[in-house]
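One structure below.
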Amino acid sequence: MNIFERLYKELRKKYGKPKEQWNLWCKRPKTKQEKEEVVIGAILTQRTNWKNVELALENLKNKKIVSLESLYHLGSKKLASLIKPAGFYKAKAQYLFNLVKFIVENYGSLEKLRKVGLKELREKLLKVKGVGPETADSILLYALDKPIFVIDEYAKRLIKERNLIEKTNYHFLQKLFEENLRKDFRLYQDFHALIVINGKNKKRPLRGVAKGDSKNKK
């Protein structure tokens, strides 16, 4: 067992199954509506906390704007007024509309989008204005069940705190996690969620995870 596998087991033992936001994001399987909510949430959560995202999502649900199709027909200007609680609402409305337009006009549904290969789809998502690596990978992992590890600030901090490695380049860390874990979207979902939960709960630091060989042992 390598250091990454031990770290996952420590987090899982400490926090159990990911809860709250992660009840939906780590749910398996998800309904069509749940997958679409994850896509919407991936944009809304940029530069804000999840409570604000929930308020924005509640506004959309109250107006029965719960599908990508309905967002597409709503348009970015009307969308902006509904997602104000999420902050940076004008920019996020445009980003979300850009993403929805890309999905609806090119694929029609998430199910058809999911059939595209991981590498090709990631490249296409990153060309959508407002979709960076973390957002793209969150959509791929949590909405489309693609085996790709999400790297965020919590993951970078944990790596630094544990003195596992000095480099915090996104692609480098992503590759490091993926090379040291079995290729399983379920594991990636839970592990990333637990890293975020741990990062938000700094009063309970992890103990007992020793340094070790980070090379994958097969």
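A short reminder: the numbers here are calculations on the coordinates, not readings from a lab. Model, not experiment: these values are computed from the prediction. Quick reminder, even Gly has a Cβ in these numbers, built from the backbone with ideal geometry, and neighbours come from all protein chains shown.
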Worksheet, complete the sentence: Summing -39500 (n - 2.57) over every DSSP H run of at least 4 in the chain, dividing by its residue total and rounding to the nearest 500, the 222 nm mean residue ellipticity is -17500 deg cm²/dmol
Worksheet entry | Sorted by Cβ neighbour density within 10 Å, fewest at the top, the residues T31, T168, T45 | T31, T168, T45
Worksheet entry | Added length on full extension, which subtracts the Cα-Cα distance from 0.36 nm per residue, F88 to K127 | 12.0 nm
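Note the full-extension length gain between L118 and E105 as 0.36 nm times their separation in residues minus their Cα-Cα distance, in nm to one decimal.
The span from L118 to E105 would gain 2.7 nm if fully extended.
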Worksheet, complete the sentence: Given the candidates H192, Y72, F97, the one whose Cα lies deepest towards the positive end of the charge dipole of the chain, counting +1 at each Lys or Arg C-beta and -1 at each Asp or Glu C-beta, is H192
Worksheet item: Can you give the alpha-carbon Rg of the chain over 2.2 N^0.38 Å, where N counts its residues?
Response: 1.04
Worksheet item: Between N98 and T168, 0.36 nm times their residue separation minus their Cα-Cα distance comes to what?
Response: 22.3 nm
Worksheet, complete the sentence: Taking a crude spin-label model, label points 7 Å out from Cα along the C-beta direction, the E54 to K19 distance in nm is 1.2 nm
Worksheet item: Say the cut-off is 29 Å between C-alpha atoms; which of K14/K124; K35/K160; K101/K167; K30/K175; K17/K129; K61/K200 go over it?
Response: K14/K124; K35/K160; K101/K167; K17/K129
